[in-house]
1. For segment 77-82, in order, what is each residue's ³J(HN,Hα) by Karplus, 6.51 cos²θ - 1.76 cosθ + 1.60 with θ = phi - 60°, in whole Hz (x at glycine and Pro)?
2. First measure r as the distance between the Cβ atoms of residue 32 and residue 94, then evaluate 1/(1 + (r/R0)^6) with R0 = 22 Å and state the FRET efficiency to the nearest 0.05.
3. Just order 44-54, 77-87 by mean Cβ neighbour count inside 10 Å, highest at the front, would you?
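Throughout, read-outs are computed from the coordinates displayed, never taken from laboratory work. Nothing here was measured: the structure is a model prediction, and the numbers come from that model. For neighbour counting, all protein chains shown are included, and Cβ atoms are generated from backbone atoms with ideal geometry for every residue, glycine included.
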Amino acid sequence: MIPDEPAPSRSPDQPLPEDVRDSGAEESQRGRFVVMILAVAFAVIGLLSLAAILLAAFLGGYVWPGFVLATYLCLPIAFLLMTSLVLWYVVTRRRS
């Protein structure tokens, strides 16, 4: 292509080349998978901490403050990550 020559145009109804479509979709899929694993990990840690708090309270024992802190932080983070995943899927679905 000569520098003064205009770039070839592509009409909006023409599909993208296969390599362009797959690279973006694969990165997006990998990103969603990482966010999903993080959300599940935070939810499990938060729920285990909550179970430890409830068990200690039921048995009348001492509740370690780390369990309380983990519950206060992990469960809201997991909720926000799961909400972001739902929104991510909705936006992706609307674009296709």
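1. Whole-Hz 3J(HN,Hα) from phi for segment 77-82: 5, 4, 4, 5, 5, 5.
2. On the way: r = 15 Å, r/R0 = 0.70.
Working from the Cβ atoms, E equals 0.90.
3. Numbers: 44-54: 15.9, 77-87: 14.2.
Top of the packing list down: 44-54, 77-87.
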